[in-house]
Amino acid sequence: MTVPTEHLLALAGVLFSLGVAGFFLRRNLIVVLMSIELMLNAANLTFLAASRHHSRVGAADLQGPVFGIFVIAVAAAEAAVGLALVIALYRRKQTVSLDRVDELRD
Amino acid sequence: MHEATWLVWIPLLPLLGAAAAGAVHFLALRSRARGADATGGASGAGGAWIAIAAIGASFLLGLRGFLALRGEHAEALRSPTWDWIDVGGWSVGVSVVLDRLSSVMTLVVTGVGLLIHVYAAGYMKGDPGYAKFFAFLNLFVAMMLLLVLSSSLPGLFVGWEGVGLCSYLLIGFWYAKGWPAEAAQKAFVVNRVGDAAFLLGMFLLAGLFDTLDLSSLNAAVEGAVRDGHGPQLALAAFLLFGGACGKSAQIPLFVWLPDAMAGPTPVSALIHAATMVTSGIYLVVRLNPLFAASPELLFFIGLVGALTALVAGTTALVQRDLKKILAYSTVSQLGYMFLALGAGAWASAIFHLVTHAFFKALLFLGAGSVIHGMRDEQDVHRMGGLRRHMPRTFWTFTLGAAALSGIVPLSGFFSKDEILFHAFERGGAYYLLWAVGIATAAVTALYAWRMVGLVFFGAERFDAREVHPHESPPLMTVPLVILALLATGGGLLGLPEVLHAPHLLHDWLHPVVERGDAILAAATGAVPVASGASAATEWLLLVLGAGIAFAFAHRGFHAHRQGTASDERFAARRPQAARLFGDAWGVDRGYAKWIVQPVKIGAFLVAVVVDQFAIDGLVNGAGNLARSLGQRVRRMADGSIASYGLWMGGVTAALALAWIWIG
Amino acid sequence: MANLLFYLLSAAAVLSAIGVIAARSPVASVVSLLGTFFSLAVIYLLAGFQFMAAVQVLVYAGAIMVLFLFVVMLLGEGELAAAVESEPIFRRGRGALLATAVALALMGVGLFAVATAELAPLDPEAGRRGIDSALGLAEWMFVRYSLPFEAASLLLLATAVGVLVLAKRQRPGLPGATSRTGEGGAA
């Protein structure tokens, strides 16, 4: 594929922005978590695009994929914990709407 | 110089007496609080006897010192020196020095003071603060003795401040009444102005000489003049004179003395007649070489003294309060003493100081007796005919008034006349001062006998059913008698030359003042005092003085013996004069308008505008700002994850944008 | 050919992403996200990252999304759907406008940056045979980045423990039994 790196980065940017929008604008906690996953994916794509950009035939730049693996691992952990929180929250308040979760207020 | 360690006890005994009397006072307070005897007199009486014993002992020691000086023909007795300040090669030592001058002062302070203490034991009976009063009195005597016996200028200054403090305590003794507290404050503040000048003068001297020991200073003056430090010496002397003006109530710092009459009468007698107010005179005489080195300053001092004498004398003429008459009289007589100093007649000033102590203390104590017997009435327009009710008071008081007005052959005549003679003798501009002095003598006789007439003669202008005037107890009248004897015979201390009798005081004080005389003679080319004018001039002046005194005394007495008619006529015909005199020529009013009011306005401005609005506003405003900011920021913590996220994300995005734009 | 595929897949990814954030039902969001993941996986493949593509599918699509789906189902999709339908899914108000503005700004800046960037030319041959390989990655992971690797494993351990504690059902009478307000919860 000879797509210029800029296009890959553009895609990553769009996906990231969509993730940001979803994070801020949705009330459903689970969808918010999913938006976070979307953002992480966009970041991953950026890493890989950069790696591809810097690689030469004999010398492949592998820092991108390595970082990407770590990102995935952390994303998994974070998703797991987040969902556990959702469950715990639902048990107490019978809701996953962020509007009703404001007990930390002053 | 003879070493005499026992000298330390002279000021120390009254100090200990003060402490002991104070202890008695506190014990009395405690027993009263526990519901014991309600009157302070019974439980505080011990304080009086302690104080009397202390000052009596000091008097005896002073007498011993005086006799020692006379016997051994010694110049001075000195106690061991205590090194007070020792810094950077500059040291100030303190020791008690009894020389001829300070022996005279000591005898006056302790002698007259002892009589006043005895009197006060009777006068203050029944007062809840009986023992406290005697503690203060003794403390005052201790400070005054420190002042006159100190060997160095800083030591003198400690006594100077100490008597000022005691004056404050004693003027405001009945502070619960309200106005005595204000009077005490006024006295202290006005004195402070003088003290500031004193300090500046002392600093100047410290800079010029490397010592502040009084005898060393006096010895070094001539050398300093030769080295060309004349102007600085004059400035230092002028500043010290400023301090003397404050303490000795001369223009323009005399305004505190009339107000100080708010204190008990024994206080007025001791502090504001006989002793504290004479500190200024003592200072100048003690440092006579320094003052003699500036003849122009001396004339100025004489001028101030003469003017003060006249202004105060006229003011006394129209006062209705008996004590205020005596207060202005004191200011006037102090003016005479400064007039003497101005003429270079140091010993004459001391002579008048001594005689004035006798007759003024007598007058004040007599006035106290009158006031006491009249149930605290002080307005002479409401007295009259008291000689029938208080004979002993009447006779002693009249003798005092005679001495004050300079009737021959009482003490006041000799001392006052001597001053006028020396002023006349100096000639030149001093004729003006002499004229003012003569005029003041006339005024003095007028007001002195006005007092006698209004108080003791004529119809009784009070309600005999309300007020039962009675003679005072012996505790009060015996000191009066003793003082009357002294006031009458005190002239023997200084008989004029033309009578071919030795002037005892002059001869006694000669070693102390000879240096000043010499410097003055060298500076002005004038012949030293006491050998100038001819005998005829002296006789003429003596007769003139006696005549004026007698004539105006006669006029004053007869104008007022029938009642207040003369006063009322004067007020009706010459209202402006009456107002001018009554107000002490507007000095107090001037102070109130030009100094006190602006200071009060300034203080109000600072307190309200600066402190309340600006500073408090700033501080409170800062607090309020923090609180309101906090309130606003607090709204950020609304518990909504989305808003938190928005804040975080938004700011991060903004930062990133900024970074991109800048970088 | 590959390029065309890339552009098609990009469009698919973007549309799926929009679907994620705009879907009414959470299940629909999950499925849309799956779509995004798969599109991305193929893009990785096209770019020469075979290992990453595999991991993307296995872990992201296969594990994480399944987890999401489990939770959505566990909490009762019917109830959730009912709860969700009664209220608008997007926020309203000033915050929402600001958020939209921020998101758009981000997108705009990103695109602008990309458009004006002057990157060095790409080596077209590099990705042909594949850039990442198990061997190469292994060398990086276990030699150079061995510490982060171990740390990541610790992280996963902690996650496992934490999830257990958080999601545990509280029995009444045991310490930490809860009231409706959530006092004295787990952890």
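Where a number appears in this text, it was derived from the coordinates with a stated rule and is not lab data. None of the values given here were measured: they were computed from a predicted structure. A quick note on method: Cβ atoms are made from the backbone with ideal geometry, for glycine too, and the neighbour counts reach across all protein chains shown.
Can you sort B:H272, B:H229, B:H554, B:H468 from fewest to most other Cβ atoms within 10 Å of each residue's own Cβ?
Numbers: B:H272 28, B:H229 18, B:H554 13, B:H468 10.
Going from sparsest to densest Cβ surroundings: B:H468, B:H554, B:H229, B:H272.
For helix B:535-560, report the angle its Cα long axis makes with the longest principal axis of the Cα atoms of chain B; keep it between 0 and 90° and round to the nearest 10°.
70
How do B:L61, B:L139 rank when sorted from fewest to most other Cβ atoms within 10 Å of their own Cβ?
Details: B:L61 21, B:L139 24.
Listing B:L61, B:L139 from fewest to most nearby Cβ atoms yields B:L61, B:L139.
What does the structure give for C:32-38 when I average, per residue, the other chain Cβ atoms found within 10 Å of the residue Cβ? List each step's numbers first, then the result.
Working: counts 2, 6, 0, 0, 8, 3, 0.
Across the residues of C:32-38, the mean count of other-chain Cβ atoms within 10 Å is 3.
Based on the alpha carbons, how large is the Rg to Rh ratio for the stretch C:1-93 when Rh follows Kirkwood?
That ratio equals 1.08.
What does the charge count near B:A445 come to, summing +1 for each Lys or Arg and -1 for each Asp or Glu among other residues with Cβ under 11 Å from its Cβ? Could the numbers behind the result be given before it?
Details: positive: B:K416, B:R450, B:R555; negative: none.
Here the charged neighbours net out to +3.
As I understand it, the dipole of the protein assembly as shown uses +1 on the Cβ of Lys and Arg and -1 on the Cβ of Asp and Glu, about the Cα centre. Which of B:L16, C:I131, B:V452 lies farthest toward its positive end?
Comparing the listed Cα positions along the dipole, B:V452 ranks first.
Just to confirm the number: angle between the C-alpha axis of helix B:430-456 and the first principal axis of chain B, 0 to 90 degrees, nearest 10?
Tilt relative to chain B: about 90 degrees.
Dividing the Cα radius of gyration by the Kirkwood radius, what Rg/Rh value follows for the stretch A:5-94?
Details: Rg = 16.2 Å, Rh = 14.5 Å.
With Rg and the Kirkwood Rh in hand, the quotient comes to 1.12.
Using unit Cβ charges (K, R positive; D, E negative) and no other charged atoms, how large, in debye to the nearest 20, is the dipole of the protein assembly as shown about its Cα centre? Before the final figure, lay out each step's value.
Numbers: 63 positive and 59 negative charges, 569 e Å.
Magnitude of the dipole: close to 2740 debye.
Would you mind computing, in nm to one decimal, how far apart the modelled labels at C:E118 and B:W84 are, each placed 7 Å from Cα along Cα→Cβ?
8.9
Restricting the count to DSSP beta bridges whose residues both fall in the protein assembly as shown, what percent are antiparallel, rounded to a multiple of 5?
For the protein assembly as shown, the DSSP antiparallel bridge percentage is about 85.
Taking the Cα-to-Cβ direction at B:A656 and at B:R573 and moving 7 Å from each Cα, how far apart do the two end points lie in nm?
Those two pseudo-labels are separated by 10.9 nm.
Share of Cα-Cα pairs in the protein assembly as shown beyond 37 Å, in percent?
Working: 284514 of 456490 pairs.
When all Cα pairs of the protein assembly as shown are counted, 62 percent exceed 37 Å.
What is the helix-to-structure angle for B:9-33, meaning the angle in degrees between its Cα long axis and the longest Cα principal axis of chain B, kept from 0 to 90 and rounded to the nearest 10?
That works out to roughly 60 degrees.
Please compute the average number of Cβ atoms from other chains found within 10 Å of each residue's Cβ in peptide C:12-25. Please list the in-between numbers first.
Details: counts 0, 9, 4, 0, 3, 13, 4, 1, 10, 14, 6, 4, 2, 2.
Neighbouring Cβ atoms belonging to other protein chains average 5 per residue here.
To make sure I understand the rule: partners must be lysines, Cα under 27 Å from the Cα of C:K168, and not fewer than 8 residues away in the same chain. Which ones qualify?
A:K93
Determine, for each peptide in A:2-13, B:398-409, the mean count of other beta carbons within 10 angstrom over its residues, then list the peptides with the highest first.
Details: A:2-13: 19.7, B:398-409: 25.1.
Taking the mean over residues of other Cβ atoms within 10 Å, the ranking is B:398-409, A:2-13.
How are the C-alpha pair distances of chain B spread across 10 Å bins, as whole percents from the shortest bin up?
Bin by bin from 0 Å, the calculated values are 3, 15, 24, 24, 15, 7, 3, 3, 3, 2, 1, 0.
Once you charge only the Cβ atoms, +1 for Lys and Arg and -1 for Asp and Glu, what is the size of the charge dipole of chain B about its Cα centre, to the nearest 20 debye? If you can, show how the numbers build up before the last one.
On the way: 43 positive and 40 negative charges, 445 e Å.
My answer is approximately 2140 debye.
Do any of B:K177/B:K600; B:K247/B:K324; B:K360/B:K416; B:K324/B:K360; B:K323/B:K360 go past 20 Å between their Cα atoms, and which?
Values: B:K177/B:K600 23 Å; B:K247/B:K324 18 Å; B:K360/B:K416 14 Å; B:K324/B:K360 13 Å; B:K323/B:K360 11 Å.
Long pairs (Cα-Cα over 20 Å): B:K177/B:K600.
Using the crude model of +1 on Lys and Arg Cβ and -1 on Asp and Glu Cβ, and no other charge, please compute the dipole size for the stretch B:55-122 relative to its Cα centre, in debye to 20. Walk me through the numbers on the way to the answer.
Numbers: 4 positive and 5 negative charges, 57 e Å.
Charge dipole of the stretch B:55-122: 280 debye, to the nearest 20.
Per-residue Cβ counts within 10 Å, from other chains only, averaged over C:54-64: what number is that?
Numbers: counts 0, 6, 5, 0, 1, 5, 8, 0, 0, 4, 12.
Per residue, the number of nearby Cβ atoms from other chains is 4 on average.
Please sort C:106-119, B:323-336 by packing, taking for each peptide the average over its residues of neighbouring beta carbons within 10 angstrom, highest first.
Numbers: C:106-119: 13.9, B:323-336: 27.1.
Averaged packing, sorted descending, gives the order B:323-336, C:106-119.
Can you compute the FRET efficiency between B:W647 and B:A622 using 1/(1 + (r/R0)^6), with r the Cβ-Cβ distance and R0 = 35 Å? Round to the nearest 0.05. Write out the running numbers ahead of the final one.
Working: r = 26 Å, r/R0 = 0.75.
My answer for the efficiency is 0.85.
Take peptides B:143-149, B:652-658, C:33-39 and line them up by average Cβ neighbours within 10 Å, highest first, as a rough protection proxy.
Numbers: B:143-149: 27.6, B:652-658: 12.4, C:33-39: 22.0.
Sorting B:143-149, B:652-658, C:33-39 by mean packing, highest first, produces B:143-149, C:33-39, B:652-658.
Separation between the B:L544 and C:R94 pseudo-spin-labels, each 7 Å from Cα along Cα→Cβ, expressed in nm?
Simple spin-label model gives 9.9 nm for this pair.
In the stretch C:91-121, which residues have a backbone nitrogen under 20 Å from the label point lying 7 Å from A:Q63's Cα in the Cα-to-Cβ direction?
Hits in the stretch C:91-121 for A:Q63 at 20 Å: C:118-121.
Can you sort B:W174, B:W594 so the residue with the fewest Cβ neighbours within 10 Å comes first? Don't jump to the answer; show the numbers that get you there.
Numbers: B:W174 15, B:W594 10.
Neighbour counts put them in this order, fewest first: B:W594, B:W174.
First select every other residue whose beta carbon is under 12 angstrom from the beta carbon of B:E471; then total the charges, Lys and Arg +1, Asp and Glu -1. Please list the in-between numbers first.
Values: positive: B:R387, B:R388, B:R392; negative: none.
Net local charge, B:E471 excluded: +3.
Using 0.36 nm per residue of separation minus the Cα-Cα distance, give me the extension gain between B:R64 and B:A435 in nm, one decimal.
Values: separation 371, 0.36 × 371 = 133.56 nm, distance 4.21 nm.
Full-extension gain reported as 129.4 nm.
Rounded to the nearest 500, what is chain B's calculated 222 nm mean residue ellipticity when only DSSP H runs of at least 4 contribute -39500 (n - 2.57) each, over all residues? Spell out each step's value before the answer.
Working: 27 runs with 467 residues, N = 663.
Here the helix-only value at 222 nm equals -23500 deg cm²/dmol.
Toward the positive end of the charge dipole of chain B, about the Cα centre and with charges on Cβ (Lys, Arg +1; Asp, Glu -1), which of B:I271, B:V108, B:W346 goes farthest?
So the residue furthest toward the plus end is B:I271.
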